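**Q** The structure that follows is given in the form of structure tokens.
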Amino acid sequence: MDCSLLVPPRAGLDGRSRYVMLETLRAYAAGLLAEAGEEGDAAAGALAGYALRVAEDALAGLAAGTGEVAAARWLDAEGATLRRALDWALEHDAAVDGDAAIAPRLAAALAWWWRSAWADRSSPGSPSAPWP
Amino acid sequence: MVAAVEPSAVIDAAGSVHGFPAALTSFVGRAPVVDEIAGHLGQYRLVTVTGPGGAGKTRLAGEVARQVAGRFADGVWLAELAAVQDPAQVATAVAAALGVRELPSVAAADALAHALARRQLLLVLDNCEHVIGAAAELCGRLLLGADDIRVLATSREPLQIAGEARYRLASLTLPDPEHPADPGGSEAVALFADRARRADASFALDEATAPLVARLVARLDGMPLAIELAAARVEALGVAQLLDRIDDRFTLLEAGDRLAAARQRSLAATVEWSYRLLDERERRVFRALSVLPGPFTLEAAEAVAGPTPGRLCCI
């Protein structure tokens, strides 16, 4: 693997492999993207579409009974992306391929995750914490 | 000669490290720095490593974490703040990294302080600079409320709270300019040689290349990230051409930007230079990936940047 601008992928808490771009390089690329106009809008829209797919797939996994923990771990690992996508969608009221606006669909798909977080997190240091 | 120390594979049983990426490359030089910061952590409850972007703060913090993990019964935990945009989310991000669950009615900082009150651990807050006020406030709250925790922060600026020990990370040591042909002992040269060998197995530090490498790393102000970016191109260009190209690039940039600190400028120039070596499609991919705020899967990369068969490896 010969990455110079990316750190090769490693497995996250949800078992999926993820690449890392060092913050210094990401900030440089973000500056270029901001100057690129439409390209930036397209990337942000694509991010929102991706976030929606993740949220809805996780919800579907939940319904199929593949496990709440696995679904929650996945969303936890994608948390920063989900948050950014929701922020962007709320400002742009975007639609995916002419479908309904993203923000409400995203919020609906994530509701169980937020609620489970509130419920599980009611006692700090409960078994959900990674230490005994 | 500076030794390239392989990252310690075995963590002391007393503590473990959580959230740190596996080190894929050896950690070159800076052994005395790691020792010194580890020492500070024995003495002070908050140590902040400061330095410009690309100085190697994050990697250093990981090495320190591995070294001191044995002292903390509940281990060392990394909270990466780079992806946090809203200062109000700092405590939430730290809570998530620690697996501490929040109550909607309780501020995340309070839930954290409560959860950590009886823990003995080291919390590493990486990349604090863009949310410095919130990071400082949270640190203050946690250090007051949880007697047995310590914090290692990395940031371009200090947190500026009481009891903070600051460590300003210097550049890697450069070769003696009087003896450029004998770069032994320079951390910057050792790092370049190590990474160049990874890019090109036939690379050797010899009479021909040593003086060039010495000039190159001096030109890059001993900045680790800049040196790594340059070394990654050694196979395609060779050291002599690498030095020429970087010289050209720097002359151009220096003319336009006299106020920026030298180290910052060398990094900016090297980043830009690396970017220019990508082809047009790779550049598009690199730009698009910047919308992803944190670590990303291949699926996420393809969603924002289009299909990238094999392309991610080239970037």
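**Q** So which of B:Val124, B:Val90, B:Val100 ends up being within 21 Å of the chain's Cα centre (by Cα), within 13 Å of chain A (Cβ to nearest Cβ) and buried (at least 21 other Cβ atoms within 10 Å of the Cβ)? Spell out how you get there, then give the answer.
**A** On the way: B:Val124 fails: within 13 Å of chain A (Cβ to nearest Cβ); B:Val100 fails: within 21 Å of the chain's Cα centre (by Cα).
Only one candidate qualifies: B:Val90.
**Q** Further question: Given (1) touching a strand residue (DSSP E or B) at 6+ places or on another chain (Cβ under 9 Å); (2) at pLDDT 95 or above; (3) among the aliphatic types (A, V, I, L, M), identify the lone condition not met by B:Leu169.
**A** It fails just one condition, (2).
**Q** Please specify each residue of the stretch B:33-87 satisfying the condition of being more than 14 Å from chain A (Cβ to nearest Cβ), crowded, with 21+ Cβ neighbours inside 10 Å and part of a strand (DSSP E or B).
**A** B:Leu46, B:Val47, B:Thr48, B:Val49
**Q** Across the stretch B:221-247, which residue is surrounded by the fewest Cβ atoms within 10 Å (Cβ to Cβ) among those that are under 17 Å from B:Gly53 (Cα atoms) and more than 14 Å from chain A (Cβ to nearest Cβ)?
**A** Result: B:Asp221.
**Q** Are any residues in the stretch A:8-36 within 29 Å of B:Arg156 (Cα to Cα) and either more than 7 Å from chain B (Cβ to nearest Cβ) or assigned to a loop (DSSP other than H, G, I, E, B) (or both), and if so, which ones?
**A** The answer is A:Pro9, A:Ala11, A:Gly12, A:Leu13, A:Met21, A:Leu22, A:Ala27, A:Gly31, A:Ala34, A:Glu35, A:Ala36.
**Q** Being within 20 Å of B:Gly99 (Cα to Cα), at pLDDT 90 or above and of a type in the set (Asp, Glu) narrows it down to one of A:Glu78, A:Glu35, A:Glu56, so name that one.
**A** Within the list A:Glu78, A:Glu35, A:Glu56, the selection yields A:Glu78.
**Q** Among the numbered criteria (1) exposed (fewer than 15 other Cβ atoms within 10 Å of the Cβ); (2) hydrophobic (A, V, I, L, M, F, W, C); (3) at pLDDT 90 or above, which single criterion is violated by B:Phe203?
**A** Of the numbered conditions (1) exposed (fewer than 15 other Cβ atoms within 10 Å of the Cβ); (2) hydrophobic (A, V, I, L, M, F, W, C); (3) at pLDDT 90 or above, the odd one out for B:Phe203 is (1).
**Q** If you don't mind, another one. When only residues in the stretch A:37-49 that are under 22 Å from A:Leu82 (Cβ atoms) and more than 7 Å from every other protein chain (Cβ to nearest Cβ) count, which is surrounded by the fewest Cβ atoms within 10 Å (Cβ to Cβ)?
**A** Out of the qualifying residues, it is A:Asp41.
**Q** Name the strands (runs of 3 or more DSSP E) wholly within the stretch B:116-233 that hold at least 3 residues that are under 22 Å from B:Leu60 (Cβ atoms) and among the hydrophobic types (A, V, I, L, M, F, W, C)? Lay out the reasoning, then the answer.
**A** On the way: elements: B:122-126, B:150-155, B:164-168.
Once the strands (runs of 3 or more DSSP E) in the stretch B:116-233 are filtered for at least 3 residues that are under 22 Å from B:Leu60 (Cβ atoms) and among the hydrophobic types (A, V, I, L, M, F, W, C), what remains is B:122-126, B:150-155.
**Q** Can you name the condition, by its number, that A:Gly45 falls short on among (1) closer than 30 Å to B:Met223 by Cα; (2) in a helix (DSSP H, G or I)?
**A** Among (1) closer than 30 Å to B:Met223 by Cα; (2) in a helix (DSSP H, G or I), the lone unmet condition for A:Gly45 is (1).
The values are calculated or read from the model by the stated rules, or taken from the named source; none is laboratory data. All values derive from a computational prediction rather than experimental measurement. Note that each Cβ is placed from the backbone with ideal geometry, even for glycine, and that neighbours are counted across all protein chains shown.
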